[in-house]
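The values are calculated or read from the model by the stated rules, or taken from the named source; none is laboratory data. Here the structure is a predicted model, which is why all the values come from computation and not from measurement. Heads up, the Cβs are rebuilt from the backbone with ideal geometry, glycines too, and the neighbour counts pull from every protein chain shown. Only protein heavy atoms, including side chains, enter the accessible area calculation; ligands, DNA and RNA are left aside. Shrake-Rupley method; radii C 1.70, N 1.55, O 1.52, S 1.80 Å.
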Amino acid sequence: MWSKLFPKRFTLLKTWVLVFLAISFLVRLSFLIWDNSEVDKGVFEVVRTFATGFLYDLATIAFFNIPYLLYLLLFPVKWYGSAVDRTITSFGFFLGILIIYFSFFGEFTFWDEFQRRFNFIAVDYLIYTYEVVKNINESYPLPILLTSLMALVAVTLFVTNKFGVFRSTYQNKTPFKQKLMASAPWFVIVFVSVGFITNDQAEWSPNRFNNELSKAGIYSFFAAFNNNELAYSEFYRTIPDKEAFATVKKVFQDHGDTFEHPLNNELFRFVKNSDSLTTVLTPNIIFICIESLSGKYLNSLGGNYNITPTLDSLANKGLFFTNLYATGTRTVRGMEAITLSIPPTPGRSIVKRKNNLGLFTIGEVFKEKGYERNFFYGGDGYFDNMNTYFGGNGFNIIDRGRGFLLDKNITTTRTNIEDNEVTFENAWGVCDADIYNKVIKEADKAHETGKPFFDFVMTTSNHKPFTYPEGEIDIPSGTGRKGGIKYTDYAIGEFLKTAQTKPWYTNTVFVIMSDHCASSAGRWELDIKNYHIPALIFNLPDAHPLHIDNLSSQIDMFPTLFAQLKWDYRSNLFGQNILKMKPSNERALIGNYRKLGYLKDDKVMVLGDGNTANFYQWNSGDNSLLPLKIDYTFLRTAISNYQVADYLYHNDGLKLKDTDK
């Protein structure tokens, strides 16, 4: 049987297959040991994890084998061992071995960061090679990794040659019929994989870690490449559009909002916050979006790390939201939630999709009130399509340009952070202190014009490799996340000290919120605690310090601010005023690129891309999820929010109307 699957002409192919399976087994075993406390380690669970992984490994091998199998089938027997045969075969084997070991190293660095197999993030990283390669070089001993990689390839080639594998491949007379019989199983595996197998079928366990270990890294990569945007209507549970819109609209109608076209499938409406006894305020607004800061790191949110003294102090001086959740696990998802005030949609963030210019964002509300709108980023905003998104939606750009130009169809002002304005820089951009110094400079200029400004400031220091200027805090640069967080907090404190010396300070409100948590990894479909983020509004005129415990979402932050400023405005936003939420309207919307969660009353509905819906009781104490019988009213509400968000994106319902332009 073995000789039929791998006749002598296939000896080198057999060697490659065995190396692939051995390395894949070692990777899977290493990850199992790495996250030992999170994985279900029952005999059945472990056996099924490895068995499922083996099947996906075979599928991956089959796809990779196809080009070489075609070569073996078509290459004439009389030319076996010729110079052409030796060149093509040797190069093919070298390339195959290189891919195996490169994937081996790549998966370890990716797992270290995300605790997942390759997914759409890995696909995105192919585009932004400067930031990614530099980050890897600053975070890991890249010369050692590359040397080890090439050494492993060299040793494998040497051993393969030593055991006569090349000689056996060249010196034989394997006929076409025997080659065809040996190739057939691989073609069948490819046919079955294309027609009947999807990557999500590896997710057989309620434990997310077992599911990730059941996958194959390379297979997952190409699956993500093929599915970076998922049409909600095709892959998720739906209800009639009218019913979905009616469910979403009812919340806003209960708040007293007036819809422009009540019968249409749209959310454009008029929001009224003013009354005859209040004064409408138009202060400057500086929004600080903190990179990767989980709520658990703040003492004011129950942590015990003592690394956020500035934020813990501000928590008692403004409006502090103690029960607010990010919508996703990436910066661009946070930006989407904040600017569009919309639930997460399957696949990529809208920030990175096509057809994302000329949208109704919070920037339109600021524009209506006469504000200048600016987006600050310490790296090149080409990364993750940020400049195109913000510039194409009315924001001026201030970033560390590295030569990537904006689309010629986008009309905006772009200001560069110059070399003489930089004291420290890593792969992701200038340190937080430098970006805040630029914010101060631009605020001084804006103040002279007398026009209010809204600044969206995206920080970068709290990101691997966690490097920052030495001597500013008592944790050495580059030693880990705690140092990154403490420096981030320190830089905010120094920024506010400088701002307080400026004439525009008393008329400036500061909004601070994280884009997402440090990690979304966990054993459950959605790990709820890993969406809990800090959020506060500081220096709001006549506002008393207040801790707000209402369950809320990132998408609610700016509608809440607009309410505090007593603004009446036209809106297309999903967010609500957190301070006026009824208990029945409290909820959070959380997700990753495939799973969509609706959290309410310590229960969560998780919608999956196989038209699945799983309902759980969330124990906030140990962060566990207990399966429940489906509550169909709860399910319809969850579906409505996500279905409407997806409908609006795909039907231009997020676009500005002609009267807005």
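Okay, here's what the table says:
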quantity	calculated
Solvent-accessible surface (1.4 angstrom probe) belonging to residue 237, in square angstrom, nearest 10	80 Å²
The stretch 519-661: proportion of alpha-carbon pairs further apart than 21 angstrom, %	52 percent
Evaluated at q = 0.11, 0.15, 0.24 Å⁻¹: base-10 log I(q)/I(0), Debye formula over Cα of the stretch 294-386	-0.46, -0.82, -1.19
Efficiency of FRET between residue 257 and residue 194 - r from beta-carbon atoms, R0 56 angstrom, step 0.05	0.70
Local electrostatic count, residue 55, Cβ distance below 12 Å [Lys/Arg +1, Asp/Glu -1]	+1
Chain lengthening between residue 404 and residue 612 when straightened (0.36 nm per residue, less Cα-Cα)	70.7 nm
Extension reserve of the residue 234-residue 652 stretch, reckoned as 0.36 nm per residue once the Cα distance is removed	148.7 nm
Solvent exposure, largest accessible area first (probe 1.4 Å, DNA, RNA and ligands not counted), of 514, 30	30, 514
Listed residues 112, 455 arranged by accessible area, highest first, probe 1.4 Å	112, 455
Computed Kirkwood radius, in angstrom, where 1/r is averaged over Cα pairs of the stretch 224-357	18.9 Å
For the stretch 214-283, the spread of Cα positions along each principal axis, largest first, Å	63, 37, 19
Contact order normalised by residue count of the chain, Cα under 8 Å, 6+ apart, percent	19 percent
Cα centroid separation, the stretch 546-611 to the stretch 143-199 (Å)	52 Å
Stokes-Einstein D for the stretch 177-239, Kirkwood Rh over Cα pairs, 4 °C, 1.567 mPa s (µm²/s)	91 µm²/s
Per-residue SASA entry for residue 411, accessible area with 1.4 Å probe, Å² rounded to 10	130 Å²
Amide H partners (placed H, <5 Å) of residue 603, local residues excluded	618
Alpha carbon Rg of the stretch 507-552, scaled by the compact-globule rule 2.2 N^0.38 Å	1.53
Which of 597, 374, 431, positive extreme of dipole for the chain (C-beta unit charges)	597
Per-pair calculated FRET efficiency, R0 = 41 Å: residue 275 and residue 624 via Cβ, rounded to 0.05	0.35
Over the stretch 581-661, equivalent-ellipsoid semi-axes from the Cα gyration tensor in Å	28, 15, 11
Violating pairs (Cα-Cα greater than 19 angstrom) within the set 250/657; 352/657; 78/177; 296/529	250/657; 352/657
Rounded to 10°, Cα long-axis angle of helix 481-499 versus longest principal axis of the chain	30 degrees
Rule-of-thumb Rg ratio for the stretch 17-91 [Cα; 2.2 N^0.38 Å; N residues]	1.62
Packing-based ranking, highest mean first, of 279-287, 251-259 given that Cβ atoms within 10 Å are counted	279-287, 251-259
Under the Karplus curve 6.51 cos²θ - 1.76 cosθ + 1.60, θ = phi - 60°, whole-Hz ³J(HN,Hα) for the stretch 425-438, x wherever Gly or Pro sits	8, 10, 4, 8, x, 6, 5, 4, 4, 5, 5, 5, 4, 5
Principal-axis tilt of helix 176-196 within the chain, Cα atoms, nearest 10 degrees	20 degrees
P(r) histogram, all alpha-carbon pairs of the chain included - 20 Å bins from 0, percent	17, 47, 27, 8, 0
Angle in degrees between helix 241-254 and the longest Cα principal axis of the chain, rounded to the nearest 10	30 degrees
Built amide H within the under 5 Å cut-off of residue 359, gap 5+	656
Point-to-point label distance, residue 22-residue 157, nm (Cα→Cβ direction, 7 Å offset)	1.8 nm
Probe 1.4 Å, all protein chains present, accessible-area order of 502, 529, largest first	529, 502
Highest average packing first - 204-210, 530-536, 625-631, Cβ atoms within 10 Å	530-536, 204-210, 625-631
Size descriptor, Kirkwood hydrodynamic radius, that averages inverse alpha-carbon separations across the stretch 157-304, Å	24.1 Å
Average accessible surface area per residue within the chain, 1.4 Å rolling probe, Å²	41 Å²
For residue 294, distant residues with modelled amide H under 5 Å away	518
Value of [θ]222 nm, deg cm²/dmol, for the chain, DSSP H segments ≥ 4, -39500 (n - 2.57) each, nearest 500	-13500 deg cm²/dmol
Heavy atoms of residue 162: accessible area, 1.4 Å probe, square angstrom to 10	150 Å²
Peptide ranges 315-323, 365-373 listed from the most packed, as the mean C-beta count within 10 angstrom indicates	315-323, 365-373
